[in-house]
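Peer 1: Structure in structure tokens, see below.
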Amino acid sequence: MPPNVDTQIGQRIRTARIDAAMTQAQLGEQLGCSSQQIHKYESGHNRVSAGTLFLIAKTLNQPMDWFFRDADPVHHSLFRLH
């Protein structure tokens, strides 16, 4: 089963942050949050708001759509049929 969208976005944040040679603390400082919060975003434990993702994308020099490429909405809990 592919990762859910929150997990994928977290993985992409981590990849982009590492590619930018930035620590979690440095990214958190740029965004005005803690390194612990960045860790929670990257692990998929906390969802990233649209506004925060926009700031992350800008800070890490990535287009917004890059975080969603190849995402499978069927595996996201909001899209499941009950």
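The values are calculated or read from the model by the stated rules, or taken from the named source; none is laboratory data. Values in this document were obtained by computation on a predicted structure and should not be read as measured data. All Cβ positions, even for glycine, are placed from backbone atoms using ideal geometry, and neighbour counts span all protein chains on display. The accessibility values were calculated without ligands, DNA or RNA, using every heavy atom of the protein model including side chains. Shrake-Rupley method; radii C 1.70, N 1.55, O 1.52, S 1.80 Å.
Peer 1: Once neighbouring chains are kept in place and the probe is 1.4 Å, which whole percent of the accessible area of segment 24-65 is contributed by carbon and sulfur?
Peer 2: It is 48 percent, rounded to a whole number.
Peer 1: Can you tell me the accessible area per residue over segment 1-42, all protein chains present, probe 1.4 angstrom, in square angstrom?
Peer 2: Solvent-accessible surface per residue comes out at 57 Å².
Peer 1: For every other residue with a beta carbon closer than 14 angstrom to the beta carbon of residue 46, add +1 if it is Lys or Arg and -1 if Asp or Glu, then tell me the sum.
Peer 2: +1
Peer 1: Next question. With a Förster radius of 25 Å, plug the Cβ-Cβ distance of residue 33 and residue 66 into 1/(1 + (r/R0)^6) and report the FRET value to the nearest 0.05.
Peer 2: Step by step, r from the Cβ atoms, then E = 0.75.
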